[in-house]
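Take a look at the structure set out below.
The values are calculated or read from the model by the stated rules, or taken from the named source; none is laboratory data. Bear in mind the structure is a predicted one, so any value in this text is a computation, not a measurement. Please note: Cβ atoms are built from the backbone with ideal geometry, for glycine as well, and neighbour counts cover all protein chains shown.
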Amino acid sequence: MSSQSASGSAKSSSSKLSTAKTEMEFRVALVVLALVALIPAIVSNPYWLGVLIVSMYFAILAGAWNLLAGYTGQFSLAPATFAMIGAYSTGLLGTYFGVPPLLGILAAILVAGLI
């Protein structure tokens, strides 16, 4: 009986360590994300700013793909499709109607949501 209680306490301490490790990793990830979000404020060259923004965009898509296909095992191109529809809508609105990018992004959310 004492071996069961020792085993139970080992499992609970292991669970506490796992939870503490997960919390620490989450906090570190938030700090890294905050630092990465501040990088565009520092970059002044339009070329490198564009490279940085596109890289962040693809990182978001990769994270969505990892959640969908990596953890659930589902195959779907919907996240990429909605992102492309939104980008296309923003580009068309800006090019042909002179809509500012912020309003174009809001309109793209509506367009992708309607589809």
Please determine, by comparing only the residues of the range 64-108 that are outside any helix (DSSP H, G or I) and among the aliphatic types (A, V, I, L, M), which one is surrounded by the fewest Cβ atoms within 10 Å (Cβ to Cβ). L77
Can you find a residue that is assigned to a helix (DSSP H, G or I), touching a Pro at 6+ places or on another chain (Cβ under 6 Å), at pLDDT below 85 and not hydroxyl-bearing (S, T, Y) anywhere in the range 43-63? no
Selection count where residues are loosely packed, with under 10 Cβ neighbours inside 10 Å and closer than 21 Å to A87 by Cβ, scope the range 32-61: 2
Out of all the residues in the range 87-111, which are within 23 Å of L61 (Cβ to Cβ) and of a type in the set (G, A, S)? A87, S89, G91, G94, G104, A107, A108
